Every structure is written in structure tokens, then in C-alpha cells.
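Take a look at the structure below.
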Amino acid sequence: MIWPDGHIGNLNNLAQLVQAGIDGVLSVDPSIAIMLHIALGGQHDETVFFYDNMLARGLTFDVIGMSYYPKWHGTLDDLRDNLIRMSSRYDQDIIVVEYSAKKREVHEIVFNLPNNKGKGTAIWEPLNTWESIFSKDGKSNDLILIYDEMNKKFIQKK
């Protein structure tokens, strides 16, 4: 964020910039839930480094947001293990807010986190990814049916 000042190598500056964003949102509506999102789905050490450093600098947030792309963030086992460890380390709920491939598997991991910590997922760019759910002319394919199945399995059961 705003490199070089907000680069991860400048943790104090990064935390100040994030806090300014949080403050701006909460000044408009203090009831808005704040998510702190990073793109480190299966990378546990880096995830802990980031969140521990943000918390140590006084940031408060309601939800942990993670991205997961196997090409960059490890295997599904890496994602699962990271999210399980995070769910016991941090008080916040967890949402995988950016992913594309392995839709069913990502849902299974998130919605089976201990203590009901997994609150959901959000596909990123459904037209231009490894597993698109819409064609370029806007027609859905069978992959979209996964979400109806997941809704029935995980959401409606509550």
C-alpha cells in the first residue's frame, strides 16, 4: 500500500495508513465491520507476521480476510492448516475473500473451521479466472451450481 511508505518493510507506516482507512470508514458509520485482508492463504509464517504486527501497533478489526490462489499461496492443505491455526490464534472470524480455483474445496475448508470461525468466501472476478462461472457473453455454466449446493450445505443448515 502506497509504496515505499506503506510497504511491509515499513510496518509502522503501513499500520498508520491502514488505521487511517479504518478511521475514515468508522467515521461514516461506526457499525461497519472492518476486515483486514492479505493475500497469503497458505503461508502461515507470513500471515502471522502480518497480523501480529498490525495488532501490536494497535489496529482493531472484526474479520480476517485471506486470498487463496494455489499458484502463489500453496496447496489446499497449506490453506487448511493456516486457517485452522489462525482460528485458534486470533479472535476474529475468517473469510476467504479472494479466490477462483478449487471452489468446492475452499468452501469445505472455510465452513469447517473450528468454533464456527469460517464465515464465507467470495470468488474473485468470475469472468476472467482459472474456473470462470460466466462466459464472456454473460451466460452461466455448471460451476455456478456449486454455490447453490454450498448454500444448502453450509448456510441453510444453521
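The values are calculated or read from the model by the stated rules, or taken from the named source; none is laboratory data. Everything numeric here is computed off the predicted structure, so don't read it as measured data. All Cβ positions, glycine included, derive from the backbone under ideal geometry; neighbour counts span all protein chains shown. Surface accessibility is based on the protein's heavy atoms, side chains included, excluding ligands, DNA and RNA. Shrake-Rupley method; radii C 1.70, N 1.55, O 1.52, S 1.80 Å.
Things worth noting here:
- Antiparallel DSSP beta bridges within the chain, percent to nearest 5: 5 percent
- Interchain or long-range residues, amide H under 5 Å from GLY118's placed H: ILE94, LEU113
- Cα long-axis angle, helix 11-28 against the chain (0 to 90 degrees, to the nearest 10): 70 degrees
- Angle of helix 44-56 to the longest C-alpha principal axis of the chain, folded into 0 to 90 degrees and rounded to 10: 40°.
- Test item: Cα-centred dipole of region 9-158, Lys/Arg +1 and Asp/Glu -1 on Cβ, debye: 340 debye
- Computed accessible area, LYS139, all protein chains, 1.4 angstrom probe, square angstrom: 130 Å²
- Count Lys and Arg as plus one, Asp and Glu as minus one, and take only other residues whose Cβ is under 13 Å from that of TRP72; the net charge is then -2.
- Carbon/sulfur fraction of accessible area - the chain, other protein chains in place, 1.4 Å, %: 54 percent
- Relative contact order computed over the chain (Cα-Cα under 8 Å; 6+ residues apart), in percent: 16 percent
- Positive-end extreme of charge dipole, the chain - chosen from HIS37, VAL110, SER88 (charges on Cβ): VAL110
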